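So the structure is just underneath, and the comments pick up after that.
We did not get these values from a lab; they are worked out from the coordinates using the rules stated. What you see is a predicted model; the values in this text were computed from it and never measured. Methodologically, a virtual Cβ is constructed for each residue, glycine included, from the backbone with ideal geometry; neighbour enumeration extends over all protein chains shown.
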Amino acid sequence: MVSSKRRDDAMRKEAALKENGSYNEGYKNVTAALFQGSPFFDPQDIVQVKYEMLRSVTNDEKSVTEAAKEHGFSRVSFYRNQDMFDKGGLEALVPKKPGPKGANKFHKSGKEFVVNYLKKNPGAKATEIARQMETSIGLKVHPQTIIRFIEKKTGD
């Protein structure tokens, strides 16, 4: 029987893992013996699972195929994680947040281009503007980005 404190701690840990992006959605696929019934090894902690997968090939002399399967990964994922670990250590195994990684490339010069182009060519389509922008200033953006900018600018 699991104590109330242990259950509360597990719920807090799960919430923390979800919050920091380290929750392993596929934890039920982790069959490695190390993660079965252990209070320390947690199959819901993706960083720990990835690390132990890599370690099991090196230290336990398991095959890549066996280690990947036991830890809920494909062989391709094993090699991808091994490469990330080799280049960046444990921190590299922490999942990166999804979404844009930096400043939007549709910056001031792109916005100015759209405004000026529409002044000279009222009613121009976004695809035409995108094509002209790439040709004129070398900035390639999706026409939908231009449409969103125009709608935002005009309040539509």
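A few points about this structure:
- Karplus 3J(HN,Hα) series, Hz, for segment 60-67 with 6.51 cos²θ - 1.76 cosθ + 1.60 (x for Gly, Pro): 8, 6, 7, 6, 4, 4, 5, 5
- Reachable lysines from residue 108, criterion Cα separation under 23 angstrom, eight or more residues apart if same chain: 119, 120, 125, 140, 152, 153
- Equivalent ellipsoid semi-axes - Cα gyration tensor, the chain, angstrom: 49, 20, 12
- Potential lengthening between residue 31 and residue 150 on full extension [0.36 nm per residue; Cα-Cα distance subtracted]: 37.6 nm
- Within the listed set 24, 81, 121, the Gaussian network model of the chain (springs between alpha-carbon atoms below 10 Å) gives the highest mean-square fluctuation for 121.
- Residue-by-residue Karplus 3J(HN,Hα) for segment 3-12, coefficients 6.51, -1.76, 1.60, Hz, glycine and proline x: 5, 4, 5, 4, 5, 5, 4, 5, 5, 5
- Three-way shape label, segment 108-154, alpha-carbon gyration tensor, a/c 1.5: rounded
- Amide proton proximity set for residue 45, modelled H, under 5 Å, gap of 5+: 24
- Lysine pair count for segment 9-93 (Cα-Cα distance under 23 Å; residues 8 or more apart in sequence or on different chains): 11.
- Extension reserve of the residue 77-residue 8 stretch, reckoned as 0.36 nm per residue once the Cα distance is removed: 21.6 nm
- Close amide H contacts of residue 62 (hydrogens built in the peptide plane, cut-off under 5 Å, sequence separation of 5 or more or a different chain): 57.
- In order through segment 120-130: 3J(HN,Hα) via Karplus (6.51 cos²θ - 1.76 cosθ + 1.60), integer Hz, x for Gly, Pro: 7, 9, x, x, 5, 7, 4, 5, 5, 4, 4
- Our summary gives segment 1-153 a relative contact order of 16 percent, counting only alpha carbon pairs under 8 angstrom and 6 or more residues apart.
- Tensor-based shape of segment 9-93 (alpha-carbon gyration tensor, a/c under 1.5 rounded, otherwise prolate or oblate): oblate
- Within the chain, longest stretch clear of exposed GluC sites (Glu not before Pro) (DSSP loop, no more than 16 other Cβ within 10 Å): 62-156
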